[in-house]
There are 2 protein chains.
Amino acid sequence: MPYVMVQIPNAPAPTMPPVPRPVPTSADVARLAGVSRATVSYVLNNAGAVRISEPTRRRVRQAAKELGYVPHAAARTLRAGHSRMVLMPTLPVPAGPLYSQFVHDFQGALSRLDYTVVQYGATGLRGDDAARAWAELRPVAVLVPSPGVGPEGVAVLKRSGARTVVTLGPEAVEGARALLLDHADVGRSAAAHLYARGRRRIGVVVPAERGMEMFSGPRLAGSREALHGTDAHVTELSLAYTEESAAALAARWPALGLDAVFAYNDEYAMLLMRALQDAGVRVPEDVAVIGADDLMLGRLLRPRLSTVRIALPSGRDLASLVDRAVRSPAAVPEPHEPFGATVVQRDSS
Amino acid sequence: MPYVMVQIPNAPAPTMPPVPRPVPTSADVARLAGVSRATVSYVLNNAGAVRISEPTRRRVRQAAKELGYVPHAAARTLRAGHSRMVLMPTLPVPAGPLYSQFVHDFQGALSRLDYTVVQYGATGLRGDDAARAWAELRPVAVLVPSPGVGPEGVAVLKRSGARTVVTLGPEAVEGARALLLDHADVGRSAAAHLYARGRRRIGVVVPAERGMEMFSGPRLAGSREALHGTDAHVTELSLAYTEESAAALAARWPALGLDAVFAYNDEYAMLLMRALQDAGVRVPEDVAVIGADDLMLGRLLRPRLSTVRIALPSGRDLASLVDRAVRSPAAVPEPHEPFGATVVQRDSS
DNA sequence: TTGAAAGCGCTACCAC
DNA sequence: GTGGTAGCGCTTTCAA
């Protein structure tokens, strides 16, 4: 009696737990509307090539609404062989205001170009493993804050159908379109500025928080590099983003004997500046302070905070770059000027 | 001669543009390794139920690596009938520090539970259209900063296979697990605090930026509500996040005759406080100022900024809540205490 | 104007 | 141990 155990699809369980109704498919819609699945597809996608009578259209739409039908993106992607998803891995650290704004603009601009931007939370995976995870989604384009992907990873992504891979960071990666954004240059600019202002014993703040090395490393290295071979000296200062840590650093300030500090960014600068002022250290007389990122808060501090402004590409420009690359991957990307870091001198240095 | 025009799959074009090599599939791997697709699948997924000889495993892995094979997530999802994607629509405004931190924690925690968190940039779509767009991805769970989805939207998501829909906002939505986070309560707390401090002519800052109404509306309404029927009076103050806008507001401050202001959040409070101080208005003597969100910068201002702290759920708690809901959607969610708003009084009020 | 059916890439059941 | 194969939901050619 081989038929006895056959499970009838969609049959309600004889008793008990409320069987979760299966997700309606286009076949269900077709059945309810009394048409074929093809017709359903035509109607719901407003296929221009085919003429469907108005009554039929209405019946189909009505049935779809009645069932709460929603097409299955995976099935569509599979069938179509491509998607319009632009993937952007999330940063390993909470986004700052600068990056949040950038992502927001980029997303908005790409939405208007009819792409879907997806921020993919891939914490835990590193390097090429991460790239493989992204590639599984078959995005049409990928924007990676580099470092975070190597040439291998780029190759995997492209072989998986990505029409373009754009990196946003200090180093160009083989095979990817690089938007050069050199954090070392921020450090260089800050250090050079402080040197030009006559300072010689220069502290560089390095956030104690994990995951920030990606940015803080280059900023420190750049500072070192700018002062190499001069009579100035760089001291690395670890600082956590807490008042306690800042107070502790301020307490040992006299012993450090510094006359200037590059505070990683404006937020750390604000934190440190306040702690120094509370400890009786005068800014800029005793110590010059410079931040980075040109956040609003720097303009609101007293003394006004000098900062290094880093020119991010506008979200809209980058969106159109991605769009062009998707439409003609063949086009040779014109090499890109690195985004410059410029010092905005105010009153703290 | 019907065969003449047949296109041979994968045949290189006789001349011309470098044909993008087609994406390798598991069939390609199988062919190269000289095994069946089934075997490839078993090997690459480490299927425990089946024993595959070590040499075969090696051959398969080697072939996969050689081709740069990456499985197709859409196909897998389609076949499996479900995914482990947790979808979170991106906010219509750039995320502030509070939310960035929350999202980061939430993502990290869910990653550790083996979910994939995806922030979906759905700008442009509203309400139930947006919900439909999310549903197309068939996420296993959805976290929506409400408002942003109605009961209809929740129903669509659930019918599309979402095991749970969690809203994070002021109102419970039928069918969804609500984390009540009432911005009106922030306004109420701020206003009540200012009233208790003896202030009666109270300004409430409303950001001029588009898209913020979602938060600013309730905060204003809550302030109004708290003072309704008292002898205090609320004045709505539009303020853009620029120094110019703040200076303009400060310039007409005397005419406004206010003795207190709830400045929407700490960032706007900082901006306004600076402008007021520059215009010779004393804080808190002439005007009491209170912000919200309890950001670090409030503690660094002088006078220290009073603020309304809003207790967000921890990312980890929320992640485990989602995980439990996914595993047993039947479980009746214990009703949740709204997250409270508590006033942190410092020196500005 | 509508329907039948192939096939996108993958996994899991069953047979060998 | 390994292979054949059905079928997930969808779109689109071809036939009727």
Condition set of a type in the set (S, T, N, Q), assigned to a helix (DSSP H, G or I) and within 38 Å of the chain's Cα centre (by Cα), scope segment B:38-80, selection surrounded by the fewest Cβ atoms within 10 Å (Cβ to Cβ): answer is B:41
Residue A:205 passes all but one of the listed conditions (1) buried (at least 22 other Cβ atoms within 10 Å of the Cβ); (2) more than 14 Å from residue A:290 (Cβ to Cβ); the exception is number (2)
Checking B:135, B:155 in turn, the sole residue that is touching a residue at least 24 places away in the same chain (Cβ under 8 Å) and over 21 Å from residue B:314 (Cα atoms) turns out to be B:135
For helices (runs of 4 or more DSSP H) lying entirely in segment B:178-281, having 2 or more residues that are under 25 Å from residue B:96 (Cα atoms) picks out B:183-196, B:213-227, B:243-251, B:266-278
Considering segment A:163-174, residues that are part of a loop (DSSP other than H, G, I, E, B) and free of Cβ contacts under 8 Å to residues at least 40 places away in the same chain, and then whichever is surrounded by the most Cβ atoms within 10 Å (Cβ to Cβ), we arrive at A:173
Checked against (1) surrounded by 19 or more Cβ atoms within 10 Å (Cβ to Cβ); (2) facing another protein chain (nearest Cβ under 9 Å); (3) away from DNA strand C (no atom under 16 Å from the Cβ); (4) assigned to a loop (DSSP other than H, G, I, E, B), residue B:149 satisfies every condition except (2)
Next item on the list: With respect to residue B:266, determine if the residue is within 14 Å of another protein chain (Cβ to nearest Cβ) and closer than 18 Å to residue B:184 by Cα.
Entry: yes
**Message:** Here is a check on your reading of the model: is residue B:50 at pLDDT below 95 and more than 9 Å from chain A (Cβ to nearest Cβ)?
**Reply:** yes
Here the residues within segment A:238-263 that are surrounded by fewer than 22 Cβ atoms within 10 Å (Cβ to Cβ), over 18 Å from residue A:343 (Cβ atoms) and more than 14 Å from chain B (Cβ to nearest Cβ) are A:238, A:248, A:251, A:252, A:253, A:254, A:255, A:256, A:257
Restricted to segment B:81-105 and to residues being of a type in the set (Gly, Ala, Ser) and either part of a helix (DSSP H, G or I) or more than 7 Å from chain A (Cβ to nearest Cβ) (or both), the residue nearest to the chain's Cα centre (by Cα) is B:100
Residues of segment B:106-117 being within 8 Å of another protein chain (Cβ to nearest Cβ) and closer than 19 Å to residue B:179 by Cα, in sequence order, are B:107, B:110, B:117
Exactly one of B:286, B:278, B:259, B:317 is under 30 Å from residue B:178 (Cα atoms) and either among the charged types (D, E, K, R) or touching a residue at least 24 places away in the same chain (Cβ under 8 Å) (or both), and that one is B:317
Per the list (1) farther than 22 Å from residue A:172 by Cα; (2) surrounded by 16 or more Cβ atoms within 10 Å (Cβ to Cβ); (3) of a type outside the set (Asp, Glu), residue check on residue A:124 breaks on (2)
Every listed condition ((1) at pLDDT 95 or above; (2) more than 11 Å from chain B (Cβ to nearest Cβ); (3) surrounded by fewer than 23 Cβ atoms within 10 Å (Cβ to Cβ)) holds for residue A:136 save (2)
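The values are calculated or read from the model by the stated rules, or taken from the named source; none is laboratory data. Computed from a predicted structure; not experimentally measured. FYI the Cβ positions are ideal-geometry reconstructions off the backbone, even for glycines, and counts take in every protein chain you see.
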